[in-house]
Amino acid sequence: MSKVKFLDLGRQPIANGFLTKEELEKDDEFFFDLSLSVDEETNLVSLTNFVEPEKMFNDNYHFHTSASPVMVDHFRRASRIAKDLNPKKVLEIGSNDGAFLKNFDTESAICVEPCGNFANHTREIGYTSYNQFWDTDVVEKILKEHGKQDLVYSANCMCHIEDVVGAFRNVEKVMSNDGVFIFEDPNLFFTLMRNSYDQVYDEHAHLFSCCSLVLLLRQAGLKMWKVEPLENIHGGSCRIYAIKRNKSREGIPPTFLQFELSHGLGQTDKNDSIPWPYKILAQNVEVSGKMLKDKLLVLKNQGKKIISYGATSKSTTIFNYCKIGTKVIDYITDTTDSKIGKFSPGMHIPIIAEGEGFNESVDCAFLGAWNYKEAILNKHPDFEGRWITHVPEVHFV
Ligand code: DWN
């Protein structure tokens, strides 16, 4: 597959690789060139340079799905949709701390999770948990020990897998004939509409669009059955329902796919392999990065105290692309125990507990976790400082 680069975000670290003071002093942090390319055949948008999974997903992975009540509720609702399909056997790929899995009994649901800290957790609460990456080896084990699965579910995982067609092929292998594969990941359409270039980081090997997924699923013996846009989940995602290629189920063709095509996502003119919305994204990113840094520097020069709210993978991309560090951001606040007391990847901004750092001394807070904007603003109705975000363009909220 030939790929054409269209967005360059510079030298970047592991976005979730929060460092202890000792790790900081070792001064051997991993960096790589972060950029996006588009495949001329499938229009799949992917990292130009992939990062080996072991560097990102290991036994002290920081992101806990259940840390967010919004996401716990989201997966409770997702489980109800799954149960309406009456599956006897359920497999979750990338189960994290079990936010989706916990809605099923331990007899009918199993999971695959490469991060040992989370696989141990779901095992301790009674689920068969395969602490492995999603590959042919674990598929063979599951088929031998549990047989074919009626429902395969995966959230914020498929887009993390470099060989995504291989991953889909393995899903097709493990699915029963009338099985359904439901997966949800951030969707490129929302990134283009919101200029949310911070969705691009090492873990997100791909930024899916439906028009590319249709082709990739077909290569794996599957076909798209339904699409549900999830515009407020993780900055804008899509839930895709897929079935075996030789099967059919009632329903209308995915309208979101038409919506993407009508906005130019799948179209390239004959002498240019980059769809025009991708070129616009690259232009917008350059303007956005410069504007954010300029606005923050003006405030800093006025002696204002600026923090970032939410130690997110997304804000790692922003701060390393814009070269925004401790000269601008005093510290980052977060509610995740495993991040507190550490330093942000790349720019090494200290992370402190939200209860300690978010107070009346703060003049301006950058919305590092802008995907939870409503929840955050509702949580702090009396905050007298100014919120600033870059989505969909740099502005004070
Ligand atoms: O794909 C991924 C998505 C699902 O989550 C992973 N690759 C990594 C991760 O990305 P992220 O770190 O950008 O995710 P979040 O969910 O945007 O992170 C939110 C962070 O903000 C958490 O560390 C918790 C924190 N937070 C906070 O400190 N106060 C969140 C809220 C709502 C708050 O009030």
### Task
Filter the stretch 22-51 for residues that are more than 21 Å from ASN271 (Cβ to Cβ) and touching a Gly at 6+ places or on another chain (Cβ under 8 Å) and give the result.
GLU29, PHE30, PHE31, ASP33, LEU34
### Task
Just give me the residues in the stretch 102-123 being buried (at least 24 other Cβ atoms within 10 Å of the Cβ) and over 20 Å from ASP59 (Cα atoms), in sequence order.
ALA109
### Query
Looking at (1) farther than 30 Å from LEU151 by Cα; (2) assigned to a loop (DSSP other than H, G, I, E, B); (3) out of contact with any Asp or Glu (no Cβ under 9 Å at 6 or more places or on another chain), can you tell me which one ASN58 breaks?
(1)
### Message
Where the second residue is in a helix (DSSP H, G or I) and among the small types (Gly, Ala, Ser) and the first is closer than 15 Å to TYR241 by Cβ and lies in the stretch 166-184, which pairs have Cβ atoms under 8 Å and are six or more apart or on separate chains?
### Response
ILE182/ALA78; ILE182/ALA82; GLU184/ALA78
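Please state which one of LEU296, LEU261, LEU265, LEU292 is within 30 Å of PHE168 (Cα to Cα), outside any loop (DSSP other than H, G, I, E, B) and in contact (Cβ under 8 Å) with a residue 24 or more places away in the chain.
Residue meeting the stated conditions: LEU261.
Per-residue answers, yes or no, for (1) within 12 Å of the ligand (Cβ to nearest atom); (2) among the β-branched types (Val, Ile, Thr):
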residue	(1), (2)
ALA155	yes, no
GLU162	no, no
PRO186	yes, no
THR191	no, yes
ARG194	no, no
### Task
Might you check whether a residue that is touching a strand residue (DSSP E or B) at 6+ places or on another chain (Cβ under 7 Å), part of a strand (DSSP E or B), within 29 Å of ALA311 (Cβ to Cβ) and away from the ligand (no atom under 13 Å from the Cβ) occurs anywhere in the stretch 197-210?
no
### Message
Going through ALA99, ALA78 one at a time, which residue ends up being at negative phi, touching a residue at least 24 places away in the same chain (Cβ under 8 Å), outside any loop (DSSP other than H, G, I, E, B) and surrounded by 19 or more Cβ atoms within 10 Å (Cβ to Cβ)?
### Response
ALA78
### Task
Could you list all residues from the stretch 286-318 that are more than 15 Å from the ligand (Cβ to nearest atom), aliphatic (A, V, I, L, M) and within 25 Å of LEU377 (Cα to Cα)?
MET291, LEU292, LEU296, LEU297, VAL298, LEU299, ILE306
#### Entry: Residue list for the stretch 69-113, filter: aromatic (Phe, Trp, Tyr), within 16 Å of the ligand (Cβ to nearest atom) and within 16 Å of ASP150 (Cβ to Cβ)
PHE100
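Yes/no per residue for (1) out of contact with any Pro (no Cβ under 7 Å at 6 or more places or on another chain); (2) farther than 20 Å from VAL391 by Cα:
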| site | (1), (2) |
| --- | --- |
| LYS339 | yes, yes |
| LYS342 | yes, yes |
| GLY346 | no, yes |
| ILE349 | yes, yes |
| ALA365 | yes, no |
| GLY368 | yes, no |
| LYS373 | yes, no |
### Summary
Taking the stretch 65-75 and the residues there that are touching a Phe, Trp or Tyr at 6+ places or on another chain (Cβ under 8 Å) and surrounded by 18 or more Cβ atoms within 10 Å (Cβ to Cβ), the one that is modelled with the lowest pLDDT would be SER68
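The values are calculated or read from the model by the stated rules, or taken from the named source; none is laboratory data. Quantities reported herein were computed from a predicted structural model and do not represent experimental measurements. Neighbour counts are summed over all protein chains in view; Cβ atoms, including those assigned to glycine, are modelled from backbone coordinates with ideal geometry.
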